[in-house]
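The block underneath contains the structure these notes are about, expressed in structure tokens.
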Amino acid sequence: MNLIADRIAYFLKDIPPYQFLSAENRYHLAEKIHVRYVEEGAVLFEENAPNSGFCYVMRQGVVELRRTENGKERLVDFCESGDTFGVRSILSNQSYVMSAICKEEALVYAIPVDEFQRCLSENQSFALYFASGYASGQAVVRIGKPGALFASNQTEEILFDYPKHVLCCSLETSIKEAAKLMSNKRVGSIIIKDSNEFPLGIVTDKDLRNKVVAEGLSTDIPVNSIMSSPVFTVKPDIKLAEIQTQMLRLGIHHLVVTEDGTTQSKVAGIISDHDVLVQRKDHPAALIKRLKRSSDWAEIVEIRNQTEQIILHHLEQGNDVGFVNSFVNHINDCITKKAIDEFVDEHPTSCDFVWLSLGSEGREEQLLRTDVDNALVFADGGNQAYFLQLAQHVNTRLFECGFYECPADMMATNPKWCKTLSEWKQIFSSWIQAADPKAVMLSTIFFDFRQVHGSLELTNQLKAHVQKEIQREPIFLNYLAKNALQNPPPLGFFKNMVLEHEGDHADTFDIKKRALMPLCDAARLLAFEKGFIESSSTVNRFLAVKSENPSIAALLEEAAKAYEVLLFFRAKTGLKSNSNGRYIPINELSNLEKQQLKQAFRPIKELQEIIEIRFQTAFFN
């Protein structure tokens, strides 16, 4: 008995996808694994270096994955016990796209590529697990995480509905003409076929970049000089599971469909990895597609419910929060637009109007289904009673989809927040001129408005009015600054997180009050100071005023990143606990997660010190 192999096999037996292997195959794999002890600070592999022929499973320790973007090194992900990484490079036989650096002493299992390929080819569940994970673009396949969607997904067994209209050309076609055809048809690939319409090769956007542009190749030469050949072909009756497995095993992004599945028959279609993603029912693009096509509110509610699992899946994979935000926003906006169109189709109006989202939804930060804040603006002379009925219909539909009624009644169903453009201008002017605590509080909600549906002209007029009024009453910014300092930095004297001490949320961290709001308020203030009103997104506001504040540009960029980290923690907590995610149970976080939170707090203190001095808040009591 090989004691080392026995220990490795025992460790792998509870980790998907290795748990899908038979005990015999798992032990055989364990015998082939290389055990590596890596010191703190050591580099397992470097960005742009040739792949080592191994992928890696973390046994213990922490490894950081880092990538260079725009000349700066960026942290992409952490690898901890049970995580598998370095797979993409060995499957595609390409250089590493990021570096792996040991954050602390680590014990790593290195799996040779031939053994990994054997597991992929002999066990479909093993292959599908990695296909499900990497299809969504994640850098690391984690213990138990792609498996949640993977295990419940029923789409792998359905026949794949591949694109039938394939862009093709002959061997004699020039590179220039092929590129023009691809551009005109807005596709990323072209098939080169012979006189019998049999496939000979394929050229993709990547080939044009890497083989033509990068190498300075003439575009007048025949396209066959840069094509990849032979092509990988499949039969028309292929299933999604088979496609995912083949693409992963072969390390390719396109499969050509032919009449009999070989290169000696006519081209019938083409499948890209993007097509695979879109057809999966759990993919954001597929969900949005279903939503746009649906007019059945029961199905729309179901889609919004399903969105929660997709959000959690992407957050657990460590995917970009900006991407998740964009996806969720698109879903929420689409539902609102459908509700508006449904009412207007039955009750037409000739009066211009615009539906505005406020607060977190207005800032495009509503990852969770919390209460709704919205308002209606309609052209002067419009009938308020009509728009109150529209508001009632839309908000009722939003409640059906799991959103909540605003406890402060800041909704378009309230006549106070359903007004003509002239009335809204008067209201906004009165808040800016009064600058008392209530006016400032309302401003922080309503000035984060965003157009969801309706007249862009009304929206632009309202934005321009706010900008002009603030310029005319600059003292308003001082009161806004005072408000931005209401919530002190969330770290105590000994760098401990300030927790709630009593009530239902004792010993938890109030991430909204103590971290998100201070950053949000600071971003709004600095954006208004510089006249930036185009976007109400907190991240966009920080980044937009960087050039106007060169001395603190690095701090503003850090604040933008910190805000995304905080959104991530709130959303993940809320989705896991079926709550609004406001109160974070600190005791349930790992040491690494606690450190990430504390790191996100750092910009708050510095920003508040700058605001206090710049806006002389001590004189505005």
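Computed from the coordinates by the stated procedures, all read-outs in this text should not be read as laboratory data. None of the values given here were measured: they were computed from a predicted structure. Glycine also receives a Cβ, built like all others from the backbone with ideal geometry; neighbour counts cover every protein chain displayed.
Data table
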quantity	calculated
Unit Cα scatterers, Debye sum, segment 1-63: log10 I(q)/I(0) for q = 0.17, 0.18, 0.25, 0.30 Å⁻¹	-0.69, -0.76, -1.13, -1.33
Relative counts (whole %) of C-alpha pair distances in segment 172-215, using bins that are 10 Å wide	26, 56, 17, 1
Spin-label model distance (nm) - Glu609 vs Leu592, 7 Å beyond Cα toward Cβ	3.1 nm
Per-pair calculated FRET efficiency, R0 = 25 Å: Gln616 and Gln433 via Cβ, rounded to 0.05	0.80
Helix-only mean residue ellipticity at 222 nm for the chain, each DSSP H run of n ≥ 4 adding -39500 (n - 2.57), per residue, nearest 500	-14500 deg cm²/dmol
Segment 430-467 versus segment 30-91: alpha-carbon centroid distance in Å	48 Å
Label-point separation in nm, Ser183 to Glu400, each point 7 Å along Cα→Cβ	4.7 nm
Cα centroid of segment 472-487 to Cα centroid of segment 372-406, whole Å	30 Å
Percentage relative contact order, segment 284-472, counting C-alpha pairs under 8 Å, at least six apart	25 percent
Virtual spin-label span in nm between Gln486 and Ala49, 7 Å along Cα→Cβ	5.2 nm
Orientation-averaged projected area, Cα convex hull of segment 404-507 (nm²)	9.6 nm²
Amide H partners (placed H, <5 Å) of Phe45, local residues excluded	Ala100
Rounded, prolate or oblate (a/c below 1.5 giving rounded, otherwise prolate when a/b exceeds b/c) for segment 335-476 by Cα gyration tensor	oblate
Which of Phe126, Ala527, Ser272, positive extreme of dipole for the chain (C-beta unit charges)	Ala527
C-alpha long axis of helix 517-529 to longest principal axis of the chain, angle in °	70 degrees
Arg36/Glu73 FRET efficiency (R0 25 Å; Cβ-Cβ; nearest 0.05)	0.60
Calculated FRET value between Val301 and Thr349, using beta carbons and R₀ = 30 Å, to 0.05	0.65
Under the Karplus curve 6.51 cos²θ - 1.76 cosθ + 1.60, θ = phi - 60°, whole-Hz ³J(HN,Hα) for segment 4-21, x wherever Gly or Pro sits	5, 4, 5, 5, 5, 4, 5, 5, 6, 5, 9, 10, x, x, 5, 5, 6, 6
DSSP bridge pairs, the chain: antiparallel proportion in percent, nearest 5	85 percent
Selected from Leu456, Gln60, Pro50, residue furthest toward positive end of dipole (the chain; charges at beta carbon)	Leu456
Shape parameters for segment 439-498, alpha-carbon atoms, Rg then Dmax in Å	16.6, 52
Convex hull per residue volume in Å³, alpha carbons only, for segment 168-279	98 Å³
nm² value of the averaged projected area, convex hull over the Cα atoms of the chain	33.0 nm²
Extended-chain gain in nm, criterion 0.36 nm per residue less alpha-carbon gap, Asp409 and Gln19	135.2 nm
Over segment 482-619: Kirkwood hydrodynamic radius from C-alpha pairwise inverse distances, Å	15.6 Å
Length gained when the stretch Glu342-Ser326 is fully extended (0.36 nm per residue, less Cα-Cα span)	3.4 nm
